[in-house]
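For reference, the structure discussed in these notes is given below.
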Amino acid sequence: MHTAELEPLRVHVAAPPVGMVQRCAACQVVLMDNTGWTNGTVAVVEGDDQGLSWWPAGERIATDKTPERRASITYVVGAGRDLEDDEQPCAGSN
Ligand SMILES: [Zn+2]
């Protein structure tokens, strides 16, 4: 079923995390934000990212996140496959 307001997923490329934030290497959108670990009750020793979750750097990450909306779907696009019709490279890539 095609729904007009359904946006295609944007496919980003995960850059290595900088501090507690991981962005897309191409368009700089935030893919993962772990700042809660530093302003919450969890102490993180510098250089020890145990417990933090990051996307694998260099992997293609598909998400429906937009600047206006939190992601409801985010997943790793497996290497070696073409993008589906509802998956479009983000603005910064290609
Ligand atoms: Zn991107």
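For first residues located in region 8-31 and over 14 Å from V77 (Cβ atoms), partners that are of a type in the set (D, E, K, R) and within 12 Å of the ligand (Cβ to nearest atom) and lie 6+ apart or on another chain with Cβ distances below 6 Å form the pairs A15/R23; V30/R23.
With at pLDDT 90 or above and part of a loop (DSSP other than H, G, I, E, B) as the only criterion, which of G51, G47, G58 stands out? Before the answer, list the steps.
Numbers: G51 fails: at pLDDT 90 or above; G47 fails: at pLDDT 90 or above.
Only one candidate qualifies: G58.
Quick one: in region 51-94, of everything that is among the acidic types (D, E) and farther than 22 Å from T35 by Cα, which residue is surrounded by the most Cβ atoms within 10 Å (Cβ to Cβ)? Filtering region 51-94 for residues that are among the acidic types (D, E) and farther than 22 Å from T35 by Cα, the one surrounded by the most Cβ atoms within 10 Å (Cβ to Cβ) comes out as E87. If you filter region 24-44 down to residues that are assigned to a loop (DSSP other than H, G, I, E, B) and of a type in the set (V, I, T), you find that the one that is modelled with the highest pLDDT is V29. Filtering region 58-72 to residues that are touching a residue at least 40 places away in the same chain (Cβ under 8 Å) and more than 10 Å from the chain's Cα centre (by Cα) leaves G58, T66.
Inside region 61-80, residues that are modelled with pLDDT of 95 or more and in a loop (DSSP other than H, G, I, E, B) make up a count of 0.
The values are calculated or read from the model by the stated rules, or taken from the named source; none is laboratory data. Just so we're clear, the structure is a prediction, and the values are computed from it rather than from any experiment. All Cβ positions, glycine included, derive from the backbone under ideal geometry; neighbour counts span all protein chains shown.
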